[in-house]
Amino acid sequence: MTEPMVRTALLSLLAGATCGSIPFGYVAGRLNGIDIRRHGSGNIGFTNVQRTIGWLWAIPVLLLDVAKGLLPTAFAQPLVLTPALVGLGAILGHVFCPWLGFKGGKGVATTVGVAAFLCPKGLLAGLGIYVTVLAVTGFISLSSLVFACALPILTALIYRHSAPLLAFTLGVAVVIVIRHWSNIGRLANGTEPRLGLWLKLFRKT
């Protein structure tokens, strides 16, 4: 790899990480007078925001977390950067937020934003799987895990000649699974909470 290529790769990762590191969930908590990290699961992502301060704040946080993956990736090429590396940087910046002691969200929403640009067909199929698992089980964490693991498979099937894209989705899947490790433990022992809306609609009375 030549020096200009290394420089472009590093700049791409840095640009993406800078955008991805904006902790919208944390900001939403502060606007409500709390540190979201000290409530619920301690995560700054959509699920904990929804459980802690409600849907009115959770939806904007979700959309902004998606946008901070989508926008820098989409504008990478005009800035002579590498879209996949910018996207990866955005996800890593969100997961390992430098402003919060390198502890951030779990990366799913930002991954959706990046994938919307890099592999939209795979994303659509993956979101279909996500929604199906969520509707059946009510577990956001399980839906996220299945989505993350399905995305590389879908990428391999739909984008058969794109090794870099497959490598990207495999790497992201590993990151998401690791960030959900505590959820996996709770799912295994039956203590993982379900989405409140699912409980209202499907729980037996």
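Hey, any hits in the stretch 92-99 for a residue that's surrounded by 23 or more Cβ atoms within 10 Å (Cβ to Cβ) and either modelled with pLDDT under 95 or among the β-branched types (Val, Ile, Thr) (or both)?
Yes, the stretch 92-99 contains a residue that is surrounded by 23 or more Cβ atoms within 10 Å (Cβ to Cβ) and either modelled with pLDDT under 95 or among the β-branched types (Val, Ile, Thr) (or both).
Scan the stretch 129-146 for residues that are buried (at least 20 other Cβ atoms within 10 Å of the Cβ), out of contact with any His (no Cβ under 8 Å at 6 or more places or on another chain) and assigned to a helix (DSSP H, G or I) and jot them down.
Of everything in the stretch 129-146, those that are buried (at least 20 other Cβ atoms within 10 Å of the Cβ), out of contact with any His (no Cβ under 8 Å at 6 or more places or on another chain) and assigned to a helix (DSSP H, G or I) turn out to be Tyr130, Leu134, Ile140, Leu142, Ser143.
Quick one: in the stretch 159-169, which of the residues that are in a helix (DSSP H, G or I) and surrounded by fewer than 16 Cβ atoms within 10 Å (Cβ to Cβ) is modelled with the highest pLDDT?
Top of the filtered list is Ala167.
Which one is modelled with the lowest pLDDT, of the residues in the stretch 31-80 that are within 26 Å of Glu192 (Cα to Cα) and basic (Lys, Arg)?
Arg51
State all residues of the stretch 34-50 that are in a helix (DSSP H, G or I) and surrounded by fewer than 18 Cβ atoms within 10 Å (Cβ to Cβ); if no residue qualifies, say none.
Arg38
Given (1) in contact with a Ser or Thr (Cβ under 9 Å, 6 or more places away or on another chain); (2) assigned to a helix (DSSP H, G or I); (3) in the same structural domain as Leu62 (by TED's automatic domain parsing), identify the lone condition not met by Val112.
Failing condition for Val112: (1).
The values are calculated or read from the model by the stated rules, or taken from the named source; none is laboratory data. These figures come from a predicted structure and were not determined experimentally. Glycine also receives a Cβ, built like all others from the backbone with ideal geometry; neighbour counts cover every protein chain displayed.
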